[in-house]
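Notes for the one structure printed next.
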């Protein structure tokens, strides 16, 4: 089962280092920085950036797992960590990272 086939669950436990390393291979372009799973998405212009953010917002609302977003004119940095797991990484973070990648790949003009 791929990450895209899964959905977030409430109370997801923190992952150990081996699980994080395995899952990180399934979301290329994402890095771990300051205990967060992060990726910067480059977009064409502000309008496309906001469209991406709005589509991302719909997905994270459905999954009930909300990232920290840094939005600028042509970039959106998405950062995940699971607060209910003590600020550690959980499977939910990787599921949403894979879904964010899918949204990015499907945008107009990709």
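FYI, it's all coordinate maths here, none of it is from the lab. Keep in mind it's a predicted model, so treat the numbers as computed, not measured. Positions of Cβ are generated from backbone atoms using ideal geometry, with glycine treated the same way; all protein chains shown enter the neighbour counts.
Structure summary
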{"read-out": "Label corresponding to Kirkwood radius over Cα pairs in Å when calculated from the structure given, among (i) 14.0; (ii) 15.0; (iii) 17.7", "value": "(i)"}
{"read-out": "Order of 68, 2 under a 10 Å beta carbon neighbour criterion, fewest first", "value": "2, 68"}
{"read-out": "With Cα atoms, 0 to 90° folded angle of helix 91-106 axis to the chain main axis", "value": "20"}
{"read-out": "Folded to 0 to 90 degrees: helix 46-63 orientation relative to the chain principal axis, Cα", "value": "30"}
{"read-out": "Relative contact order (percent, whole number), the chain, Cα cutoff 8 Å, 6+ residue spacing", "value": "38"}
{"read-out": "The chain, helix-only ellipticity at 222 nm - DSSP H runs n ≥ 4, -39,500 (n - 2.57), divided by all residues, nearest 500", "value": "-12500 deg cm²/dmol"}
